[in-house]
Amino acid sequence: MKRQYVVFGIGRFGASIARTLENNGCQVIAVDRDPEKVQMIADEVSYAMMADVEDPEAISSLGLKNVDGAIITMVDHMEASIVAAMMCQEMGVGYVVARARNEIHGRILEKIGVTKVVYPEQEMGERIGRYIAAQDFMDWIALSSEYSLVEMKMPAEWAGKTLIDLRLREQFGFNVVGMKTGDEMIMRFDPSQPLDPDQVLDVIGKNQNLEHFQ
């Protein structure tokens with residue numbers, strides 16, 4: 001049975017989440033008080049509904065008790081975000097992700113009981129900043145406040161050596177979790193196999209170790 005999610009707020013951020021969930025096999029209920037936004041996404045999700053998210057009765061009337069999760073994306077209307085979070089708790093929605101405008105907004109959402117508060121603009125800014133600063137890495141994805149996954153080109157001096165020879169965990173404090181050769185992603189690899197100079201490595205480690213390495 002398909003998982004069902006409700007997305008409150010169909011701006012660019014909310015619409016992107018709704019489309020992504022729908023395209024990945026989920027049923028999506030998109031909710032917004034703007035009829036134009038509802039109409040624009042109606043053909044791309046399972047259900048598109050118009051409702052004033054600041055009105056608890058309007059949210060109750062949507063019949064969302066059986067959804068697997070809710071995503072609350074409004075930040076320009078903090079009251080609407082808070083009301084939606086409170087109603088999700090009252091209806092017993094077990095998994096709620098909410099976008100926060102600032103730290104105070106985020107704290108309120110956490111106190112209400114939101115599962116995860118996200119700060120997409122801040123997180124994207126940090127990711128881009130790390131990417132610019134870490135010129136030896138092709139991409140940098142934060143996994144938590146301490147750990148990240150980075151994509152890196154094979155250092156020339158590693159070519160022809162094996163992961164066993166390099167002892168990356170002991171020397172640098174990170175682990176290779178994937179290799180890419182051209183468009184092929186390899187998740188299972190032999191650590192005794194000599195490395196190809198054209199390979200790209202995906203590694204996970206503590207931020208301080210990754211920063212020190214690069």
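The values are calculated or read from the model by the stated rules, or taken from the named source; none is laboratory data. Remember, it's a predicted structure, so these values are computed and weren't measured experimentally. Methodologically, a virtual Cβ is constructed for each residue, glycine included, from the backbone with ideal geometry; neighbour enumeration extends over all protein chains shown. What goes into the accessible areas is simple: the full protein's heavy atoms, side chains included, and nothing from ligands, DNA or RNA. Shrake-Rupley method; radii C 1.70, N 1.55, O 1.52, S 1.80 Å.
Among the residues making up the range 126-173, those that are at pLDDT 80 or above and over 21 Å from residue 190 (Cβ atoms) are 146, 147, 148, 149, 150, 156, 173. Restricting attention to the range 12-29, the residues being open to solvent by 30 Å² or more (accessible area, probe 1.4 Å) and of a type outside the set (D, E, K, R) number 9.
A quick yes/no check of all residues on (1) acidic (Asp, Glu); (2) open to solvent by 30 Å² or more (accessible area, probe 1.4 Å); (3) within 17 Å of residue 14 (Cα to Cα); (4) modelled with pLDDT of 90 or more:
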residue: 44; (1), (2), (3), (4): yes, yes, yes, yes
residue: 47; (1), (2), (3), (4): no, yes, yes, yes
residue: 54; (1), (2), (3), (4): yes, yes, yes, no
residue: 61; (1), (2), (3), (4): no, yes, no, no
residue: 77; (1), (2), (3), (4): no, yes, yes, no
residue: 90; (1), (2), (3), (4): yes, yes, no, no
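Checking each residue in the range 163-185 for being surrounded by 14 or more Cβ atoms within 10 Å (Cβ to Cβ) and more than 18 Å from residue 212 (Cα to Cα) picks out 163, 178, 179, 180. Among what's in the range 54-75 and is among the acidic types (Asp, Glu) and in contact (Cβ under 8 Å) with a residue 24 or more places away in the chain, pick the residue that is farthest from residue 115 (Cα to Cα). The residue in question is 55.
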